[in-house]
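Data block below; observations after.
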C-alpha cells in the first residue's frame, strides 16, 4: 500500500475540510459543533503526516508493526475524524459512539510505532 500517497491525500482533504469549516461553516454551525469539526480536521492532519512518515519507512526499511500501524492510522482517521465530521454536520449524536473506536485505532497504532522504532540494543 502506498501509505505516503494516502497520507498526502488525507492531508489534502484535511486542508480542504479545514478551509470549508473556517469559511463555509462559521456562523452556520453552533460553536461547539464547529469545535468538533475542527478537532476532526486536527486529528486527520496529524495522522496524515504520520502516514507520510510511515510510508517512507515501510518502503525503505520495513519494521515489524509499521505496516499495521499505518493501517490503524487509516482506519482511525476514517472512524475518528469521519464520525466527528458526521456529528458536526448532521447533529446525530449517535456518531459520537463511533469516535472512540477510531481513538482506539490511533492508540494501538502509536503503540506499534513505538515498538517498531524502539532501539534493538
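State yes or no: is residue 54 touching a helix residue (DSSP H, G or I) at 6+ places or on another chain (Cβ under 9 Å), outside any loop (DSSP other than H, G, I, E, B) and at pLDDT 95 or above?
Numbers: touching a helix residue (DSSP H, G or I) at 6+ places or on another chain (Cβ under 9 Å): yes; outside any loop (DSSP other than H, G, I, E, B): yes; at pLDDT 95 or above: no.
Spelling it out, it is not the case that residue 54 is touching a helix residue (DSSP H, G or I) at 6+ places or on another chain (Cβ under 9 Å), outside any loop (DSSP other than H, G, I, E, B) and at pLDDT 95 or above.
On the given criteria, is residue 119 free of Cβ contacts under 8 Å to residues at least 24 places away in the same chain, under 20 Å from residue 1 (Cα atoms) and not in a helix (DSSP H, G or I)? Spell out how you get there, then give the answer.
On the way: free of Cβ contacts under 8 Å to residues at least 24 places away in the same chain: yes; under 20 Å from residue 1 (Cα atoms): no; not in a helix (DSSP H, G or I): yes.
Answer is no for this residue.
Please state which one of 84, 112, 104 is touching a helix residue (DSSP H, G or I) at 6+ places or on another chain (Cβ under 9 Å), under 22 Å from residue 15 (Cα atoms) and not in a loop (DSSP other than H, G, I, E, B). If you could, list the steps in order and put the result at the bottom.
Working: 112 fails: under 22 Å from residue 15 (Cα atoms); 104 fails: under 22 Å from residue 15 (Cα atoms).
Only one candidate qualifies: 84.
In the stretch 89-101, what count of residues is obtained for those that are in a helix (DSSP H, G or I) and over 23 Å from residue 50 (Cβ atoms)?
Filtering the stretch 89-101 for residues in a helix (DSSP H, G or I) gives 89-90, 93-97, 99-101.
Filter again for over 23 Å from residue 50 (Cβ atoms), leaving 89-90, 93-97.
Of the residues in that region, 7 qualify.
With respect to residue 47, determine if the residue is in contact (Cβ under 8 Å) with a residue 40 or more places away in the chain and in a helix (DSSP H, G or I).
Working: in contact (Cβ under 8 Å) with a residue 40 or more places away in the chain: yes; in a helix (DSSP H, G or I): yes.
Yes; evaluated as a whole, the condition is true for this residue.
The values are calculated or read from the model by the stated rules, or taken from the named source; none is laboratory data. Remember, predicted model here, so these are calculated numbers, not experimental data. Ideal geometry is used to build each Cβ from the backbone, glycine not excepted, and the neighbour counts take in all protein chains shown.
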